[in-house]
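Student: One structure is given below, represented as structure tokens, and several questions about it will come after.
The values are calculated or read from the model by the stated rules, or taken from the named source; none is laboratory data. Note that this is a predicted model, so its numbers are computed, not measured. FYI the Cβ positions are ideal-geometry reconstructions off the backbone, even for glycines, and counts take in every protein chain you see.
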């Protein structure tokens, strides 16, 4: 068995070729609009610096993060692209840090406006965007209060409004009436602003689901004219829909999570595996132990139907997932210590093992599985299919 950069034979392979494919897919869907690549939460667990560079290499013009710390980390890494600060700021210290690192803040309320106003200068206005709550009811200025805040920004020479936007709450669902209603509300605000200022005001609306269903949501009747889109999940090769697979959407998985078998033991019919003895063998079988558990992002609930690809087939996870290990029932398959298992992504031979399948088995979504991949899992950045786990060097790259 080859040497690993880390003690534990488990790693995440980040495929920049797949990322490039998905970025080009997003740009094609954007149809000339600016693509704002969302790289929050360490690029959905993939490694923000490498992903940001990969997106920029494909022509993605802007990036988006949630926190000042996320934006600052990208700037320290030499990322020069415009960065939209989706979370805005809530105190003077963060506001000053956002200005220092050249981040474009999103204003959600009057407090954010006051902080931005103090930082801007009339001879060099601070560019800001405003999020308007049209139905998500999470962040953003309430629709009824938006005209007043926007009027204040217009009267403040220290600030320059570059765009207004909203966030779709239900674009991943088959019924799109509420998404169209959100688009209509944003269109009304955009029209009013443009008329008041005598020039078009930019806006953006589409997340991954909205971008993939643009013709259904941003239909002509809404009157919405957007000049940017904000894809996130689709860039990482995961479907935002429950009724359409990533493969059907022409998306490629960027992350592959893989591990080597570290232990094998044969058990008899009726013997249990794992904490609490919740799973018992209904026949004599072979159990393979993989060195990753809930500390690495595999939910404890994975025993309820989760599978990994091992020894040429999908094999069930059995017993409770523990902090550091999980068990796999391999039956009578020929398995050796050191053999590679693929938890999700692609096998070295190119077979898809969708993260969505593991997520569904765990009663969650692909987003949560990806961002949950723990820090002790070494990210390896490369191109093409992941290594076979038996040769070559895997030095930490992210």
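Student: Being closer than 18 Å to residue 161 by Cα and surrounded by 17 or more Cβ atoms within 10 Å (Cβ to Cβ) is the filter here, so list the residues in region 64-98 that pass it. Before you say what the answer is, go through the steps one by one.
Tutor: The first filter runs over region 64-98 and keeps only residues closer than 18 Å to residue 161 by Cα, leaving 64, 82-89, 95, 98.
Scanning region 64-98 gives 64, 83, 84, 85, 86, 87, 88, 89, 95, 98.
Student: Taking residue 88 and the conditions (1) touching a strand residue (DSSP E or B) at 6+ places or on another chain (Cβ under 8 Å); (2) outside the structural domain of residue 139 (by TED's automatic domain parsing), which numbered condition does it fall short on, given that it satisfies the others?
Tutor: For residue 88, the failing item is (2).
Each row is one residue, and each column tells you yes or no for (1) in contact (Cβ under 8 Å) with a residue 40 or more places away in the chain; (2) in a helix (DSSP H, G or I); (3) within 19 Å of residue 358 (Cα to Cα).
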site: 270; (1), (2), (3): no, no, no
site: 282; (1), (2), (3): no, no, no
site: 287; (1), (2), (3): yes, no, no
site: 292; (1), (2), (3): yes, no, yes
site: 298; (1), (2), (3): yes, no, yes
site: 301; (1), (2), (3): yes, yes, yes
site: 308; (1), (2), (3): yes, no, yes
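Student: Picking from 257, 251, which residue would you name as being outside any loop (DSSP other than H, G, I, E, B) and surrounded by 22 or more Cβ atoms within 10 Å (Cβ to Cβ)?
Tutor: Numbers: 251 fails: outside any loop (DSSP other than H, G, I, E, B).
From the options 257, 251, the qualifying one is 257.
Student: Let me ask another. When you go through 274, 232, 223 one by one, which is the residue that is under 21 Å from residue 330 (Cα atoms) and either touching a strand residue (DSSP E or B) at 6+ places or on another chain (Cβ under 8 Å) or surrounded by fewer than 19 Cβ atoms within 10 Å (Cβ to Cβ) (or both)? Spell out how you get there, then give the answer.
Tutor: On the way: 232 fails: under 21 Å from residue 330 (Cα atoms); 223 fails: under 21 Å from residue 330 (Cα atoms).
Selected residue: 274, the only one of 274, 232, 223 that is under 21 Å from residue 330 (Cα atoms) and either touching a strand residue (DSSP E or B) at 6+ places or on another chain (Cβ under 8 Å) or surrounded by fewer than 19 Cβ atoms within 10 Å (Cβ to Cβ) (or both).
Student: Now, a different point. Which residue is surrounded by the most Cβ atoms within 10 Å (Cβ to Cβ), if the candidates are limited to region 198-209 and must be in contact with a helix residue (DSSP H, G or I) (Cβ under 7 Å, 6 or more places away or on another chain) and at pLDDT below 95? Can you show your working first?
Tutor: The first filter runs over region 198-209 and keeps only residues in contact with a helix residue (DSSP H, G or I) (Cβ under 7 Å, 6 or more places away or on another chain), leaving 200-201, 203, 205-206, 208.
Now narrow it down to the ones that are at pLDDT below 95: 200-201.
On the way: 200: 12, 201: 21.
Step by step, filter region 198-209, then rank; the result is 201.
Student: Moving to a separate point now. Among 73, 57, 93, 77, which is out of contact with any strand residue (DSSP E or B) (no Cβ under 8 Å at 6 or more places or on another chain), free of Cβ contacts under 8 Å to residues at least 24 places away in the same chain and on the phi < 0 side of the Ramachandran plot?
Tutor: On the way: 73 fails: free of Cβ contacts under 8 Å to residues at least 24 places away in the same chain; 57 fails: free of Cβ contacts under 8 Å to residues at least 24 places away in the same chain; 77 fails: free of Cβ contacts under 8 Å to residues at least 24 places away in the same chain.
From the options 73, 57, 93, 77, the qualifying one is 93.
Student: Regarding residue 350, is this residue in contact (Cβ under 8 Å) with a residue 60 or more places away in the chain, under 17 Å from residue 253 (Cα atoms) and in a loop (DSSP other than H, G, I, E, B)?
Tutor: Values: in contact (Cβ under 8 Å) with a residue 60 or more places away in the chain: no; under 17 Å from residue 253 (Cα atoms): yes; in a loop (DSSP other than H, G, I, E, B): yes.
So residue 350 does not fit the description; no.
Student: Given region 21-101, what strands (runs of 3 or more DSSP E) lie entirely inside it while holding 3 or more residues that are modelled with pLDDT of 95 or more and closer than 25 Å to residue 375 by Cβ?
Tutor: Numbers: elements: 34-38, 62-65, 83-85.
It comes to 62-65.
Student: Is one or more of the residues making up region 50-61 assigned by TED's automatic domain parsing to the domain that holds residue 85, within 15 Å of the chain's Cα centre (by Cα) and farther than 24 Å from residue 350 by Cα?
Tutor: Yes, region 50-61 contains a residue that is assigned by TED's automatic domain parsing to the domain that holds residue 85, within 15 Å of the chain's Cα centre (by Cα) and farther than 24 Å from residue 350 by Cα.
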